[in-house]
Each structure stands twice: as C-alpha cells, then as structure tokens.
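Single-structure report; data block below.
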Amino acid sequence: MTEDDTYRELGEAAWSWVLNQVREDEGPWLPEAVSEHDQDMAPAKDRDSLYAGIAGLAPVLAEIAQYRDLNEREQILVTGIVTRLSAEAKGRREPSLYDGLAGDAMALKLLAPGGESVALRRLADLATPQGWKTTLAFEPGSDAPLNDIIVGTAGVVLTAVWAGGEFAEGIATTGGEALLRVADRTEAGLDWGMGPATQGRSPNYSHGTAGVAAALAVAGAALHREDFVEAAVEGAQHVLSVGSLEDDGFIVPHTIPPSKREVEPVTYTWCHGPAGTSHLFAALSHAGVAEVAGLEVGELRHRCLNSILASGVPERLRPGFWDNDGRCCGTAGVGDVLLDAAQGCEEAARAETLLQAARRMGDALVERAIRSEAGARWRFLEHRQDPPLLPPGTAWMQGAAGIAAYLLRLGRFIETGPSALVVDRPDQWWAVPTYLRTAAS
C-alpha cells in the first residue's frame, strides 16, 4: 500500500465510523462522543453546529467529493443536512460560525451552493450596530455580542466575505465596524477580548486578537476599507508585543494572564497557538500589508510555522503537552495549516519541509488510530482526570470527522501534488492560492 493509500484508507475508515453514528430525529444528528455506556443518547442543543454537529460533516463530504462520487447513503445524508439546516436557519438566533447561522451558511454553500442565502439573510435581519447578540450565555446575564472567530463577530464577518452574495457586504461592514468600536487600545496597538466583560485574554487565533485582526484584514481587502486594514495591523502589533520572536520563531502565550487551569503556557495548536495565528499574517498579506513592526508578514507567517516544526509536536512529550489529535486543538488542525502553507509556498525546499511535517501529523494519526470492523476513531487524553482516556469523538473539531477530512486531503495531496484543490472554509481561505480554492466564486 502506498503512503497516499494508507492515509486515504484510514480516512475512509474514520468516515465509515462517523457515518455509522449518525442518527435520525427530525433530521440527522450526531452524538458528540460515543462510549459503551452511552446507550440512551439524544440530540444535543448544538446538534446542527459546525463545531460538534451535522454542519461539521459538510466539509468532510466536500473533501470526499474531490476524489470519488458520493454513494447513495452519503447523498441521502447531504439531503438531510441541507433540509434540516435550511429549515432551522429561518428561525435560528445564534449567529456564530461554530455554533450558529454562519456555520449553517458554510455547510449549505459547500453542499448546496446558493442555499447559504437563507442563513445569510437571517444574519442580515439579526444584525445590530453592535454586531449580533449571542445566545450562548458566555458572560452570565448578558447577551451582548462576542468578538472572536468561534462564537463571535469575527467569524460572522469571515463567513460573509467567503460566501459572497447579496448580503455579504452589509454583514461584513456591520461586523467590521462593530469590532472597531469595541477594540481596546494598548501601548502597542489594538486588543480584543472574547466579550465586553472578559478580563483575561486568549490572544491567539480562535478566541482573541489574532483572529479578530485577521477578520478585519480580510474584510478590509474585500470592502476596500483602509480603516479595517489599519486596525488589523494594529492588532498584529499588539500580538507581536505579547509574544516571543526567539529562535527564528513566533509564539504567543495561551492565556494572559496565565490561566488558572492547569494548561501549558504556550501551545502549538490551531486554536491557541502559532498554527492558527499564522493565518493572521497570511490575511495581512492578502490585504496588501507588507510588514508589521518592521518585519515582513510572510516572514512572520513562517516564523509561526518554524515554532511548530521545533516544538516536538505531535509527540506526547509530557502530560498536557499534546493530548489531542483533533482539528481544533491537536494534530489534524496543525497538519491542515501545514498543508495550506505548503501549497502556497513558492520555495520548493520550504514547501517540501512543510509537507514532510504534515506527513508526520498523518503518521501520528495512523499510529494512534483505534480500528475495528466498525471503522477507525481516536481517543484523546485529559491528563487532569483519572483515568485520562476520553471516549472517541465524532465531530469536526474534536473528533473523527475532522481527522478523516485531513487524512483524505493529505492522501490526495500526495497523489496529486501541489495542484490538489483545497476545500476552503471561511476561516482559512486566504491562506491558499485562489486558483486552488473549490469554493472560490
């Protein structure tokens, strides 16, 4: 079996396991995790979400469709997802990318292009000058808009620009202006917390300034708003001021001040580490920014990647260092960022280095897979509990669905080469060349 066959076979096995977990109750739903004790599972509140629900199956199905036809069972699932999300979007109030309407829009555009308009229309109707009220009770007693990519305005803005259409400009403008109004001025630039009362900061990509600044850069480029781009630069200046450029890398603390939870002070993930934060510098380049604080943005992106390469990932060097193999917080997410960078890299030797690192992520997933007749899945670790082994997850961000998509993409890349098309998404599309994007309009 060739290397690309190994990754593809495991990706298909993981997808088979996920597909066998899909249930039906007023449309398809997916248990977030599966264990021998979960005999009476029911749909979760976020059953439709990109993070943990059926919207997260859309990018997997889109990846599969890049190299083979969907079978009858998969086509039925596509119909069920589109029908369910289209109906629910008309009354949904949660706006966010990973738990709400923006995630619906992403899934619908991938599975039924043009169908995303129902979710975007709803986002346009719910917009306020302050952004979009949250339903997630992030800050007790408050439904004030949040700011970040996962559950806040930045994710909505990125989705609107990615999806395009008649509502995109209004949504992106409203969201970008709302983010400008709530920015905190620092000595170095601009900073954003998750919400208006958030005291601590998670400055990296998923919940902090790196992600918000990336959204402003992307929106600024699309809308020709220099004020958005300038704010993105100031956000990047702040991120640089709280990070470290030692050893030809760039890392930013997980949390400022350090988290009260027992967590690594620096992580290397998509969500809270240089894997995701590298997208900020790609976004600035996309917006025409050449440098920040005297450093070229291309160099800063590669410094983030250098830090990953030197970190020891994906080895589990100590409890808590690398306990997750998923897309949000672990191996698959880092691998996907490395592939994005490899496909956008014009220097052949550097591109090969990044590809080899992506293969190391794939090899770790091969090694750690749990296989049976039902397929393949992974069990992550939570070192702060006893026993530390978690039940296998099913979904996009923390489970086998997201891992399957990465393995299938890796296998296709190795087979096809750098010209392999990329199933792009709202939070990373500018990190790959436009001609490789499957969702480019």
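The values are calculated or read from the model by the stated rules, or taken from the named source; none is laboratory data. Just so you know, these numbers come straight off a predicted model, no measurement behind them. No Cβ is skipped: glycine too gets one built from the backbone with ideal geometry, and neighbour counts run over all protein chains shown. These accessible areas exclude ligands, DNA and RNA; they are computed on the full protein's heavy atoms, side chains included. Shrake-Rupley method; radii C 1.70, N 1.55, O 1.52, S 1.80 Å.
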#### Entry: Highest-first arrangement of 391-397, 216-222, 288-294, where packing means the average Cβ count within 10 Å
216-222, 391-397, 288-294
### Phi to ³J(HN,Hα) by Karplus 6.51 cos²θ - 1.76 cosθ + 1.60 over the range 118-126, Hz, x for Gly, Pro
5, 6, 5, 4, 5, 4, 4, 5, 8
### Task
State the answer as a single residue: which of Leu407, Trp322, Leu180 lies farthest towards the positive end of the charge dipole of the chain, with beta carbon charges of +1 for Lys and Arg and -1 for Asp and Glu, about the Cα centre.
Leu180
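Take each of the peptides 45-52, 200-207, average the number of other beta-carbon atoms within 10 Å over its residues, and list them starting from the highest.
On the way: 45-52: 23.6, 200-207: 25.5.
Answer by packing, highest mean first, reads 200-207, 45-52.
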### Task
In square nanometres and to one decimal, what's the mean projected area of the convex hull around the Cα atoms of the range 73-225?
9.3 nm²
### Query
Hey, what's the range 167-281 come to in accessible area per residue, 1.4 Å probe, Å²?
38 Å²
### Query
If you project the alpha carbons of the range 272-316 onto their three principal axes, what span does each projection cover, largest first, in Å?
38, 16, 12
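In Å³ and rounded to a whole number, note down the convex hull volume per residue for the Cα atoms of the range 1-137.
On the way: hull volume 18.6 nm³, N = 137.
Dividing the Cα hull volume of the range 1-137 by its residues yields 136 Å³.
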## Note on the structure
Most fluctuating of Ser244, Ser307, Ser35 in the GNM of the chain (C-alpha, under 10 Å) is Ser35
### Query
For the chain, which whole-number percentage of the solvent-accessible area (1.4 Å probe, protein heavy atoms only) is attributable to carbon and sulfur atoms?
49 percent
### Task
Give the accessible surface of the range 1-107 per residue, rounded to a whole number of Å², with probe radius 1.4 Å and ligands, DNA and RNA excluded.
43 Å²
### Largest-first principal axis extents, alpha carbons of the range 285-345, Å
40, 21, 17
### Query
Residues with amide H under 5 Å of Arg201's amide H, sequence separation 5 or more or different chain, H placed in the peptide plane at 1.01 Å from N; which?
Ile256
### Query
At Gln356 and Arg371, where each label point lies 7 Å from the Cα along Cα→Cβ, what is the point-to-point distance in nanometres?
2.7 nm
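For a protection proxy built on the mean count of beta-carbon atoms within 10 angstrom, sort 398-407, 373-382 highest first, please.
Numbers: 398-407: 29.5, 373-382: 17.9.
My ranking of the peptides, most packed first, is 398-407, 373-382.
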### Message
I'd like the Karplus ³J(HN,Hα) series for the range 4-19: coefficients 6.51, -1.76, 1.60, θ = phi - 60°, whole numbers in Hz, and an x wherever there's a Gly or Pro.
### Response
5, 5, 4, 5, 5, 4, 5, x, 5, 5, 5, 5, 4, 5, 4, 4
### Message
Just to confirm, what accessible area per residue do you get for the range 285-396 at 1.4 Å probe, in whole Å²?
### Response
42 Å²
### Message
Under the 0.36 nm per residue contour assumption, what length would be gained going from the current alpha-carbon distance of Arg73 and Ser244 to full extension?
### Response
56.6 nm
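As an exercise, find the ratio Rg/Rh for the chain from alpha-carbon atoms, using the Kirkwood inverse-distance average for Rh. Before the final figure, lay out each step's value.
Values: Rg = 20.1 Å, Rh = 21.5 Å.
Ratio of gyration radius to Kirkwood radius for the chain: 0.93.
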### Message
Please compute the Kirkwood hydrodynamic radius over the range 1-76, one decimal place, Å, based on all pairs of different Cα atoms.
### Response
13.8 Å
### Task
May I ask you to evaluate 6.51 cos²θ - 1.76 cosθ + 1.60, the Karplus curve with θ = phi - 60°, for each residue of the range 255-261 and list the ³J(HN,Hα) values in order in whole Hz, giving x for glycine and proline?
9, 10, x, x, 4, 6, 6
